[in-house]
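Below is one structure; the comments refer to it alone.
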Amino acid sequence: MDKEVEVLKILEENAKLTPEEISEMTGYSKTEIEEMIKKLEDLRAILKYKTIIDWEKVGEELVFAVIEVRVSLTREKGYDDIAKRIAKFPEVHAIRLVSGEYDFQVIVKGKNLKEVAFFVSEKISTIPEVRNTVTHFVLRTYKEEGVTLFEDEEDRRLAIVP
Amino acid sequence: MSRRRISKKVEELKPSGIRRFFDLIIGRDDIISLGVGEPDFPVPWRIREEMIYSLEKGYTSYTSNHGLPELREAIVEYYKKFGVESIPENIIITTGVSEGVDIALRAILDAGDAVLIPEPTYVSYKPMAILADGEAISIPTIPTFKLNYELLSQYAKETNPKAIVLNYPNNPTGMSYTKKELEEIADAAIEYDMIVISDEIYAELSYKEKHISIAALEGMAERSIVLNGFSKAFAMTGLRVGYTIAPSDITAAMLKIHQYSMLCAPITAQIGALEALKNEEDEMENIRAEYLRRRNFFVKRLKKVLEIDMPDGAFYAFPNIKNTNLSSEEFAERLLMEKNVAVVPGNAFGECGEGYIRCAYATNMEKLREAADRIEEFVNSLKF
């Protein structure tokens, strides 16, 4: 496996690992790992280190909504221009151009239903190129970034097995 | 005087050395166990989902004694990667490799026939050979854990063995063989007319070199019984599904025993196994990469306080603990009592395993790190 890909796969699973620990796992030197990570950060291949949180566990009821956005393109404004305009709002958690019946799938994060609804009607629907929007509020999340949010299976193995 | 109730053969059979240790641990959830010889990954969901679907569809009957034809065809294709050309007719789907060991030995042994078993060894070969009326002869392989032509020839000359049981990558030592080393074993096997029973259950977990089956070497297909299964590579331990690849005469003999004693392997597990071969090779690559990282990490940590060479495969480290002046059992027992880490004493895998312990690194990184810290503390505490 390509060294960089190998280190990235390890970090993708657990960003908390130190260069020293990664060096122990891969056999590459600590300095080599540090230089590689620095390079990948500069390249913006590594964008950011974040934590996946189940907010419900701590009683923080955040509201997420999936918004379907249909747009009309003009000579002056293509997909990228419209997407960047939407993406810059901090309320926008994610935005993707998708195939199918609409153009953009936007994930909006807010404190409550009203906040999200007003954000969509005031900030997204009013963009001239936006033809219409459909808002789906998220009722429950089962899997996020490859991590399941429901109780995982316990280890049922016997303690000593030949 | 009442009549003897238990057969003499069984009564004289020693219980597994692991058992006593297991009793010390049972019911304790505060320990980190490095004693588990099975993957900590669950069966990949695709495989489980396929088995659930098959149950819903009513696939609950017997299969042919041989096993599902599609599965045997898939195994023929799959085993080409380890160098073996076979045909579906020469494959039997067994209830795990354990059954494979049993029917292989029973198919070839007459009373008193000698079987060579290199030690340290997985715990079941010797008792199985004895149950098949054979004479199990241990070959100590300390400290390399490997056979070579001279050693094997020496034992073959003395004992005129019918067969030898190989297991590589090896449980408990993690050792494996290169093609060149296998050729030496093959030369001796041909020279002394031995059948090789080759348990290759850890084949997918080879880290140094690609696994090669001994049956792939010249002149060996006709005298090899290859055993493998889905427990380690696909984590399907409790589903009990394995297979044998052997010449047609031996396959016919094994099938006779299999059809009377087992009839067929569980159909649900066979369907899961087929799905594993069809679609799970990528997943397995990821699992292998993860074990490799754990091995690198854990063995390097062990090296700080104990003597150990980098193992080639499986998920076991088998360090030498003689520098501690403790016996294997004392070491394992004190480590458990004082540091809450469970390992298996090396002598459970044969006499020459004395002075070693087996640590399975099939556990997550955090636990592995903690266990390594505690082993280090424990060994250092002995020096003062």
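Annotations for the structure displayed:
- A:Arg157 meets each of the listed conditions (1) within 14 Å of chain B (Cβ to nearest Cβ); (2) not in a loop (DSSP other than H, G, I, E, B) apart from (2).
To keep it simple, each residue is scored yes or no on (1) under 21 Å from the mean Cα position of the chain (by Cα); (2) surrounded by 18 or more Cβ atoms within 10 Å (Cβ to Cβ); (3) farther than 24 Å from B:Ser54 by Cα.
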site: B:Met254; (1), (2), (3): yes, yes, yes
site: B:Leu263; (1), (2), (3): no, no, no
site: B:Thr268; (1), (2), (3): no, no, no
site: B:Ala276; (1), (2), (3): yes, yes, no
site: B:Glu280; (1), (2), (3): no, yes, no
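- Residue list for segment B:120-144, filter: within 14 Å of chain A (Cβ to nearest Cβ) and either more than 15 Å from the chain's Cα centre (by Cα) or not in a loop (DSSP other than H, G, I, E, B) (or both): B:Tyr125, B:Lys126, B:Pro127, B:Met128
- Residue in segment B:154-170 that is assigned by TED's automatic domain parsing to the domain that holds B:Glu99, under 15 Å from the mean Cα position of the chain (by Cα), over 17 Å from B:Pro311 (Cβ atoms) and among the hydrophobic types (A, V, I, L, M, F, W, C) present: yes
- Condition check for B:Lys14: without any contact (Cβ under 8 Å) to a residue 12 or more places away in the chain, under 30 Å from B:Gln259 (Cα atoms) and among the basic types (Lys, Arg): no
- Check on A:Glu115, of a type outside the set (Val, Ile, Thr), over 15 Å from the mean Cα position of the chain (by Cα) and at pLDDT below 90: no
- Residues (outside any helix (DSSP H, G or I) and over 26 Å from the mean Cα position of the chain (by Cα)) located in segment A:1-46: A:Gly27, A:Tyr28, A:Ser29
- Any hit, segment B:194-216, residues being within 14 Å of chain A (Cβ to nearest Cβ), over 21 Å from B:Thr95 (Cβ atoms) and in contact with a strand residue (DSSP E or B) (Cβ under 7 Å, 6 or more places away or on another chain): yes
- Out of B:Gly67, B:Gly112, one residue alone is in a loop (DSSP other than H, G, I, E, B), surrounded by 18 or more Cβ atoms within 10 Å (Cβ to Cβ) and of a type outside the set (A, V, I, L, M). It is B:Gly67.
- For A:Glu101, the criteria (1) surrounded by 16 or more Cβ atoms within 10 Å (Cβ to Cβ); (2) away from chain B (no Cβ under 14 Å); (3) in a loop (DSSP other than H, G, I, E, B) hold in every case but one, which is (1).
- When B:Ile117, B:Ile108, B:Ile164, B:Ile130 are checked against the criterion of being farther than 21 Å from B:Glu200 by Cβ and in contact with a helix residue (DSSP H, G or I) (Cβ under 9 Å, 6 or more places away or on another chain), B:Ile130 stands alone in meeting it.
- Exactly one residue out of B:Gly272, B:Gly238 is of a type in the set (Gly, Ala, Ser), assigned to a helix (DSSP H, G or I) and within 14 Å of chain A (Cβ to nearest Cβ), and it is B:Gly238.
- Considering the conditions (1) within 14 Å of chain B (Cβ to nearest Cβ); (2) surrounded by fewer than 16 Cβ atoms within 10 Å (Cβ to Cβ); (3) modelled with pLDDT of 95 or more, A:Ile33 is excluded by exactly one of them, (2).
- Being surrounded by 15 or more Cβ atoms within 10 Å (Cβ to Cβ), facing chain A (nearest Cβ under 10 Å), closer than 21 Å to B:Ser231 by Cβ and in contact (Cβ under 8 Å) with a residue 60 or more places away in the chain is a property that holds for B:Glu38.
- Each residue in segment B:7-29 was checked for being part of a loop (DSSP other than H, G, I, E, B) and away from chain A (no Cβ under 11 Å), and 5 pass.
- Among the candidates A:Val130, A:Val71, A:Val108, residue that is under 16 Å from the mean Cα position of the chain (by Cα) and outside the structural domain of A:Asn14 (by TED's automatic domain parsing): A:Val108
- Residues being in contact (Cβ under 8 Å) with a residue 24 or more places away in the chain and buried (at least 17 other Cβ atoms within 10 Å of the Cβ) - total across segment B:143-162: 8
- Search result, residues across segment B:324-353 that are free of Cβ contacts under 8 Å to residues at least 40 places away in the same chain and either outside the structural domain of B:Glu370 (by TED's automatic domain parsing) or buried (at least 24 other Cβ atoms within 10 Å of the Cβ) (or both): B:Phe331
- Only one of A:Val71, A:Val58 that is within 20 Å of A:Ser121 (Cα to Cα) and β-branched (Val, Ile, Thr): A:Val71
- Looking only at residues in segment B:291-313 that are within 13 Å of chain A (Cβ to nearest Cβ) and not in a helix (DSSP H, G or I), the one that is farthest from the chain's Cα centre (by Cα) is B:Lys304.
- B:Lys57 vs. criteria free of Cβ contacts under 8 Å to residues at least 60 places away in the same chain and either within 30 Å of B:Leu263 (Cβ to Cβ) or within 14 Å of chain A (Cβ to nearest Cβ) (or both): yes
The values are calculated or read from the model by the stated rules, or taken from the named source; none is laboratory data. What you are looking at is a predicted structure, and each value in this text was computed from that prediction instead of being measured. For neighbour counting, all protein chains shown are included, and Cβ atoms are generated from backbone atoms with ideal geometry for every residue, glycine included.
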